[in-house]
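Accompanying notes for the structure given below.
Read-outs: derived from the displayed coordinates by stated rules, not from any lab. It should be emphasised that the depicted structure is a prediction, and the values quoted were computed from it without experimental measurement. Positions of Cβ are backbone-derived with ideal geometry, glycine not excepted, and every protein chain shown enters the neighbour counts.
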């Protein structure tokens, strides 16, 4: 499995601002210190990520499209993928989701504003690994080590106690990698493909939605409100991702543009 980056993600992983003009990738400064770009406050409420295909992409590869900030809500109902006059591949299907609460090693640059405990140590916002025979309720988020690609996050949508891993149980779990769109074919030239099958639900206390805090306060716990069927709000900085499901004869140098509306709820 390989990890690829869109034009936006390539700048964000370096802690840069999005380019203001062709060839520019300035470092954002606050009080003279470099900070990571924050799309909640910089730019329109839509991610427009361009990905140039290399020809080496394969099934189960992941394309990091853009950082999703804590407090953001993705709206899949108006999201699309379009291509240029040259077809990007003979066969090319992707699903779109995020890796919120995924492995810390797979997340973007650590956000210095991340919640800390009362003792001043970083509070881990990585979901636990799924354990067979454990009871889960709607809203629980787990990491499934046996998923494809490996270590993907899954959200419980129906309470259960089972020995069946989340990737094999679509009745009780939804894969976060398809949170915003199930499989869509984006192989055609001059195509404009809408996301399909995405959901905004399955957020909540069981999936560790942080409780609201005022500036200067310390995050000490999670909301006690039951929000398991409320719109899913990003809980910690993560990647908006396209997972390649099938790929054949990928044409190097061709382009796909992912347009994904977002809102800032923090």
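Packing around the peptides 96-103, 179-186, taken as the average count of other Cβ atoms within 10 Å per residue, puts them in this order, highest first: 96-103, 179-186. Among 1, 72, a tally of other beta-carbon atoms within 10 Å of each Cβ gives an order, fewest to most, of 1, 72.
Test of understanding: ordering 51, 5 by Cβ neighbours within 10 Å, fewest first, what list do you get? Working shown, then result.
Numbers: 51 25, 5 18.
Lowest to highest Cβ neighbour count: 5, 51.
Inter-label distance, residue 48 to residue 146: 4.5 nm, where each label sits 7 Å from its Cα along the C-beta direction.
Ranking request for peptides 78-86, 140-148: highest mean number of other beta-carbon atoms within 10 Å first, then the rest in descending order. Don't jump to the answer; show the numbers that get you there.
Details: 78-86: 16.4, 140-148: 19.4.
Most protected by this proxy first, the peptides run 140-148, 78-86.
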